[in-house]
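Report on one structure; see the data block that follows.
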Amino acid sequence: MRIKAYAKINLSLNVLGKRSDGYHNIETVMQSIDLWDALEIKKEGTRIEVTCDGVKLPCDKRNTAYKAADIMIKKFGLEGGIKIHIHKRIPVAAGLGGGSADAAAVIKGINALYRLNLKGEDLQALGLEVGADVPFCVRGGTAFAGGVGEKLVPLKTPPFHIVLVKPDASASTEVVYQLYDQLVDPLHPDVLGQVKAIQDGDLKRICELASNGLEAVTMKICPKVKEIKEALMDTGCETALMSGSGTAVYGVYMDEKSARKAYEALSRVYTAFLAKTIDEESANG
C-alpha cells in the first residue's frame, strides 16, 4: 500500500498554560497542505521494519511511524511483520507535523491492510497515543484544536496558496515551550476570532488574525526565522507566520501566480516549497 502523509501548518497558535502532565493546553487552527511524505506499507517478515530516504532519521522505536505500527500490532493482536518505507519530503523539526503525518499514514494504512474497519474517532484516539498532532493528521483538512491538540472541531477555509521556507537551523519543541513558560507577558493570539473569520469565509480577516504565541521565542533561538518572515513579507504576501514551534515560516498568497513569483525569488536564497491548502477529502483521498 502506498499512502501520502500530508504536512500541516498552524494558522494561529495560542498557548494557554502548562498542565500537570507536563504538556501544554493550546488553542490552534491547523491546516493541511499539499506537501507530503510518501509511505509504502506492506505485510512482510516477522517484525516492524522502517526505512527512510530523503533525510537521515532514526528508524527504530524513536520513529513515529514505528511507534504507530507497534501500537496497532499490540492493540489488535496483528500477526506477521510490517515493512514501512518513508520517502521523506516534509522538512524535519520544522513545525509542519511531518512525524505526526507519517504516524497517521501508518495507522490508516494498517487499518486498511488488515481490514480493521476502524472509523475516524477510533483512528484519532490511536493517533493520540503516538503524539498530540497525530489525531489532526489522521483527519486532515482544517480544524480548530484544543486540549493538547487532540480536541478537534472541523472547519473549512477558503483555499489559498503558500510559500513555505525552512532555514537550516531547527529548534527543539521542548526547549521552545520551556522558554515560553519563562515569559512574563506572552502573546495570546485571538484563535477563536480567527475561527469565526474562517466560518465567515473571510480570508483577509483570517490573515489579519494569523498569529503564533511561540514565534518570538523561536526567533531568539533561531534568528533566521525573523529574517525569513521579513523576506516573505517583502514579496507582498497577505501574512507570514511561523508554523508550530518552528522553524518553518510560510507566506499566504491569494493566487498561484503571486505565490510562484515569490517562490522563484526566495528559492534562490532559501530552501523553499510551493504549496496550497487541501480539504479533508483530499487529505484522505
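The values are calculated or read from the model by the stated rules, or taken from the named source; none is laboratory data. Note that the structure is a prediction, hence the values are computed from the model and not measured. Note: ideal-geometry Cβ built from the backbone for every residue, glycine included; neighbour counts use all protein chains shown.
General observations
- Enumeration of residues in the stretch 261-285 that are farther than 17 Å from Y6 by Cα and either outside the structural domain of S170 (by TED's automatic domain parsing) or touching a residue at least 40 places away in the same chain (Cβ under 8 Å) (or both): A262, Y263, L266, Y270, T271
- Index of the failed condition, Y6 passing every other in (1) loosely packed, with under 13 Cβ neighbours inside 10 Å; (2) in a strand (DSSP E or B); (3) of a type in the set (S, T, Y): (1)
- Residue selection: I110 fails the criterion of being buried (at least 20 other Cβ atoms within 10 Å of the Cβ), over 18 Å from G244 (Cβ atoms) and in the same structural domain as E215 (by TED's automatic domain parsing).
- Members of the stretch 26-80 found to be farther than 28 Å from F160 by Cα and in contact (Cβ under 8 Å) with a residue 60 or more places away in the chain, listed by number: I41, K42, K43, T64, K67, A68
- Top-ranked residue in the stretch 260-280 [being in a loop (DSSP other than H, G, I, E, B) and more than 17 Å from the chain's Cα centre (by Cα); ranked as surrounded by the fewest Cβ atoms within 10 Å (Cβ to Cβ)]: R268
- The set of residues in the stretch 229-259 being assigned to a helix (DSSP H, G or I), among the hydroxyl-bearing types (S, T, Y) and closer than 24 Å to T218 by Cβ is empty.
- The helices (runs of 4 or more DSSP H) located wholly in the stretch 145-228 that include 2 or more residues which are free of Cβ contacts under 8 Å to residues at least 24 places away in the same chain occupy 173-181, 191-199.
- Residue in the stretch 68-84 that is surrounded by the fewest Cβ atoms within 10 Å (Cβ to Cβ), counting only those that are out of contact with any helix residue (DSSP H, G or I) (no Cβ under 6 Å at 6 or more places or on another chain) and not in a helix (DSSP H, G or I): G77
- Restricting attention to the stretch 240-259, the residues that are surrounded by 24 or more Cβ atoms within 10 Å (Cβ to Cβ), of a type in the set (V, I, T) and either in contact with a Cys (Cβ under 7 Å, 6 or more places away or on another chain) or modelled with pLDDT under 95 (or both) total 1.
- Residue within the stretch 25-32 that is surrounded by fewer than 18 Cβ atoms within 10 Å (Cβ to Cβ) and assigned to a strand (DSSP E or B) present: yes
- Considering only residues in the stretch 108-145 that are of a type in the set (F, W, Y) and farther than 14 Å from A69 by Cα, the one that is farthest from the chain's Cα centre (by Cα) turns out to be F144.
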